[in-house]
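Below is one structure, written out as structure tokens; comments come after it.
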Amino acid sequence: MGVKAALPRYELYFYNVVLCMAMLWAARWIFDVSSSNSNRKTFKTSVQPGWYYSGRKMDTADVEWMMWFSSFREHIIFALSGHVIFAKICSLLAPQYRSLMFMMYGMLAVFTSMGWAYVTLILSHLVLLYSISLVKLRWLCFVAGLTTLATFKMEPFISWQAGFVTGSFELRPLLFYGGCGFTIMRCMSFALENCEKKDGNYSILELLKYNFYLPFFYFGPIMTFDKFYIQANNPNLTRKDGEMWNISLQGLLHLGVIMIVAVLLHFMYILTIPSDMKLLKNISDWALVGLAYLNLVYDWVKAAVMFGVINTISRLDHLDPPKPPKCITMLYVFSEAHFDRGIHDFLCKYVYNYLGGKHDNVLDELIASLCTFGIAALWLGPGWVVFIWAFLNCFGLNFELWTARFFTMEPFISIEMAISESMSRRIRAVFNTFNFWTIVLYNVLALNSLEFANLVAKRLLLKGFPFTTITVLFVTYCLIQLIKERERRQALIDDPDPIPPPAPVPDPTPTDPSTTQTDAAAAAQPVDPNKQKAE
């Protein structure tokens, strides 16, 4: 119930009007703050000259975005364009050897950009973790992988290993940490898949092919080894009807989003303003709440575009990469609150589902979620802010799961059955509203600072109570209802006939035993609870 129910059209129109007015109101406040001459001292460090003809400066506080699309875009475009051309030639001439050719080009590109010392460092970690994978002990592979990952996240090991890579190339520090971190995660995936292999071991050449695929090497996303191995070694390179059109359309869409973000960064300094606490204390509640929300939207857009560009290239190579993250605007459950779907798939496959089992035991579920967020905290880099973020999200995930199960008990289930489906949807949306802002506050903590998150929480819950609190929650309620309406319509498209078909007439012909075993094995596969959509 709930999400399947339709609401009256006039009610949905009302929600749209309220949401648009609220967003425009908050955006106007942020634009006024960004345009104010009294804030020039705040903008002096991170707001730099932008487009000359616009007469506006550009917010350059996000180093990662500036690296990708301003400072080093020529280097990145050159390397990725070379990969696309090289991959196309290999696919035409020798499709059976294309994964080997990808590896050779990737190693050459890494050597050219970072030098022989960096390649040697990467190879040393590859050989170490490959040797450990031959033992075929999952716990040993995990311990070795996480210990190796910690050497790139904790001092003094970071500085010691970074000292091997010298040079004046400004991009090197970012490439160093990105390449090393993703390399260790890929090695862990390879080692864990090797533990599952019944006959023999995967060769070290397969690990080299997997790791040195250039589009994924420096910036991800993580594609687990089992998927990469099957897709990269598939000699059948035929495409579905309209696939190239979809890839081209996806590329143009990303280009359009990049241009829109560039325009917004010239007129709304949403990344610089949160760094000045004195300025934040003087702006309105609406501006502060809108600023927190837009920071999360921007971070999703950045992740979607960065991973989207890489995914477009990998789709040209006949791979099916992890999808971009789900927009924060569409999130109201903790189980879908992730900004890197590759890392999310990695943790679900090897940690959360492996330790959690069927996810029906409180203790197993708690251990699985604690281990999952513990590895996520190590991946992000240990620190108090990261630990607080991991604890809060772990608590939110478990609280959400067991609260949902609690309300499936009596008398709640009988009460829900007694009311209409549309009313059930409205009641659920009220609870989802609180969940939405919990997710926003927890992730603002990780993206900005503890002080900024604390200020937003105080304004929203204490100082702004009751007017700001009730108004923001009502606007959020409107947003949740529009999200649910979108999900309802998508469900109708995916399954236009909810009535189950009649049972088939038994076939008197003998059944193929191999087919029966295959179907039984497919049915026995565990379902990822993170992919089940809570209403």
>> Out of Ser414, Ser422, I need the residue that is polar (S, T, N, Q), out of contact with any helix residue (DSSP H, G or I) (no Cβ under 6 Å at 6 or more places or on another chain) and open to solvent by 40 Å² or more (accessible area, probe 1.4 Å). Which one?
In response: Ser414
> Restricted to segment 71-114, and to residues that are touching a Ser or Thr at 6+ places or on another chain (Cβ under 8 Å) and open to solvent by less than 70 Å² (accessible area, probe 1.4 Å), which residue is farthest from Gly308 (Cα to Cα)?
Replying inline: Arg98
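Given the structure, is Asn201 loosely packed, with under 15 Cβ neighbours inside 10 Å, closer than 17 Å to Met101 by Cα and over 24 Å from the mean Cα position of the chain (by Cα)? I'd like the intermediate steps shown before the answer.
Details: loosely packed, with under 15 Cβ neighbours inside 10 Å: yes; closer than 17 Å to Met101 by Cα: no; over 24 Å from the mean Cα position of the chain (by Cα): yes.
Judged against the criteria, Asn201 is not a match.
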> For segment 256-278, what are the residues that are closer than 24 Å to Phe465 by Cβ and open to solvent by less than 20 Å² (accessible area, probe 1.4 Å)?
Replying inline: Ile273, Pro274
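Which ones in segment 301-347 are under 24 Å from Ser91 (Cβ atoms) and among the basic types (Lys, Arg)? Walk me through it before giving the result.
At the first step, the residues of segment 301-347 found to be under 24 Å from Ser91 (Cβ atoms) are 307-323, 342.
Result: Arg315, Lys323.
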> Just to be sure, is Thr403 assigned to a loop (DSSP other than H, G, I, E, B), β-branched (Val, Ile, Thr) and more than 23 Å from Trp300 (Cβ to Cβ)?
Replying inline: no
> Checking Gly256 against (1) within 22 Å of Thr148 (Cβ to Cβ); (2) modelled with pLDDT of 90 or more, which test does it fail?
Replying inline: (1)
>> Looking only at segment 334-368, filter to residues that are touching a Ser or Thr at 6+ places or on another chain (Cβ under 7 Å) and not hydroxyl-bearing (Ser, Thr, Tyr); which one of those is surrounded by the fewest Cβ atoms within 10 Å (Cβ to Cβ)?
In response: Lys349
> Which residue pairs have Cβ atoms closer than 9 Å, lie 6 or more positions apart in sequence or on different chains, and pair a first residue in segment 387-399 that is in contact (Cβ under 8 Å) with a residue 60 or more places away in the chain with a second residue that is surrounded by fewer than 16 Cβ atoms within 10 Å (Cβ to Cβ) and of a type in the set (A, V, I, L, M, F, W, C)?
Replying inline: Ile388/Leu450
> Are any of the residues in segment 224-247 closer than 19 Å to Leu80 by Cβ, in contact (Cβ under 8 Å) with a residue 12 or more places away in the chain and either open to solvent by 70 Å² or more (accessible area, probe 1.4 Å) or assigned to a loop (DSSP other than H, G, I, E, B) (or both)?
Replying inline: no
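Filtering segment 315-369 down to residues that are charged (D, E, K, R) and assigned to a helix (DSSP H, G or I), which residue is farthest from Trp300 (Cα to Cα)? Working first, answer last.
Within segment 315-369, the subset charged (D, E, K, R) is 315, 317, 320, 323, 326, 336, 340-341, 345, 349, 358, 360, 364-365.
The next check asks that each one be assigned to a helix (DSSP H, G or I); those that pass are 315, 336, 341, 345, 349, 364-365.
Numbers: Arg315: 21, Glu336: 13, Arg341: 11, Asp345: 17, Lys349: 23, Asp364: 31, Glu365: 28 Å.
Out of the qualifying residues, it is Asp364.
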>> So, in segment 380-392, how many residues would count as being open to solvent by less than 40 Å² (accessible area, probe 1.4 Å) and part of a helix (DSSP H, G or I)?
In response: 3
> Got a number for residues in segment 204-223 being open to solvent by 10 Å² or more (accessible area, probe 1.4 Å) and hydroxyl-bearing (Ser, Thr, Tyr)?
Replying inline: 1
> What are the residue pairs meeting all of these: first residue in segment 107-125, first residue free of Cβ contacts under 8 Å to residues at least 40 places away in the same chain and closer than 21 Å to Met188 by Cβ, second residue open to solvent by 60 Å² or more (accessible area, probe 1.4 Å) and assigned to a helix (DSSP H, G or I), Cβ atoms under 7 Å, and 6 or more apart or on different chains?
Replying inline: Val119/Phe111
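Of the residues Glu487, Glu416, Glu421, which single one is modelled with pLDDT of 85 or more, more than 26 Å from Asp276 (Cα to Cα), over 27 Å from the mean Cα position of the chain (by Cα) and among the acidic types (Asp, Glu)?
On the way: Glu487 fails: over 27 Å from the mean Cα position of the chain (by Cα); Glu416 fails: modelled with pLDDT of 85 or more.
The unique qualifying residue is Glu421.
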> Among Phe452, Phe395, Phe465, Phe434, which is the only one that is of a type in the set (Phe, Trp, Tyr), assigned to a helix (DSSP H, G or I) and either exposed (fewer than 15 other Cβ atoms within 10 Å of the Cβ) or at pLDDT below 85 (or both)?
Replying inline: Phe434
> Of Glu155, Glu206, which residue is on the phi < 0 side of the Ramachandran plot, within 28 Å of the chain's Cα centre (by Cα) and in contact (Cβ under 8 Å) with a residue 12 or more places away in the chain?
Replying inline: Glu206
> Exactly one of (1) of a type in the set (A, V, I, L, M); (2) touching a residue at least 40 places away in the same chain (Cβ under 8 Å); (3) open to solvent by 50 Å² or more (accessible area, probe 1.4 Å) is unmet by Ala429. Its number?
Replying inline: (3)
> Considering segment 32-70 alone, what residues qualify as being open to solvent by 80 Å² or more (accessible area, probe 1.4 Å) and either in a loop (DSSP other than H, G, I, E, B) or modelled with pLDDT of 75 or more (or both)?
Replying inline: Lys44, Thr45, Pro49, Trp51, Lys57, Val63
> Of all residues in segment 274-314, how many are more than 17 Å from Trp29 (Cα to Cα) and not in a helix (DSSP H, G or I)?
Replying inline: 0
>> Looking for something part of a helix (DSSP H, G or I) and within 23 Å of Ala262 (Cα to Cα) - is there at least one such residue anywhere in segment 82-101?
In response: no
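The values are calculated or read from the model by the stated rules, or taken from the named source; none is laboratory data. If you're wondering where the values come from, they're calculated on a predicted model, not measured in any experiment. Neighbour counts run over all protein chains shown; Cβ positions are idealised from the backbone, glycine included. Side chains are part of the model used for accessible areas, which takes the heavy atoms of the whole protein and leaves out ligands, DNA and RNA. Shrake-Rupley method; radii C 1.70, N 1.55, O 1.52, S 1.80 Å.
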